[in-house]
Amino acid sequence: MSRKQTYKFTVIIEPCEEGGYFAQCPAFQGCHVEGETYEETISEMRKSINAFTEDYLKNGEDIPDDEFTVTSLKVAV
C-alpha cells in the first residue's frame with residue numbers, strides 16, 4: 001500500500017458582493033469554487049484541489065509547484 005503525499009497550496013479567498021465567498025488555487029488553472037460560508041468554501045476548495053491532483057496523478061503528470069507568494073504592501077497616497 002502506497003503512502004499518501006502531502007502538498008501545500010496557496011488559496012485566495014475573497015468575499016462576494018452578493019454574499020458568500022469565492023476561492024481560487026493559482027497552482028491549478030481553472031481551480032475555483034464559491035460557497036455560502038467561509039467553511040463551506042474551504043471544504044469545496046479542498047475537494048476541488050483533490051480532484052485536480054487525482055487527475056494529474058492519473059494522467060502521469062507532475063503535481064505543479066506552488067510558486068506563489070502572498071504579501072501586503074503599504075502605499076502612501
Note to self: Could you give the length gained by full extension between residue 50 and residue 67, i.e. 0.36 nm per residue of separation minus their alpha carbon distance, to one decimal place?
What the structure shows: 4.3 nm
Next item on the list: Measure off 7 Å from each Cα along the Cα-to-Cβ vector at residue 10 and residue 29, then give the distance between these two points in nanometres to one decimal.
Entry: 1.8 nm
Next item on the list: Could you name the lysines whose alpha carbon sits less than 30 Å from that of residue 74, not counting residues in the same chain fewer than 8 places away?
Entry: 8
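Using packing as a proxy for protection, rank 67-77, 21-31, 49-59 so that the peptide with the highest average count of other Cβ atoms within 10 Å comes first.
On the way: 67-77: 5.4, 21-31: 16.8, 49-59: 12.8.
Output ranking for 67-77, 21-31, 49-59: 21-31, 49-59, 67-77.
If you stretched the chain out fully between residue 58 and residue 38, how much longer would it get, using 0.36 nm times the residue separation minus the C-alpha to C-alpha distance?
Going from the current span to full extension adds 4.2 nm.
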Check: Excluding residue 63 itself, what net charge comes from residues whose Cβ is under 14 Å from its Cβ, given Lys and Arg +1 and Asp and Glu -1?
Finding: -4
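Here, each number is a calculation from the coordinates, and none is a lab measurement. For clarity, every value in this text was computed on a predicted model and none was experimentally measured. No Cβ is skipped: glycine too gets one built from the backbone with ideal geometry, and neighbour counts run over all protein chains shown.
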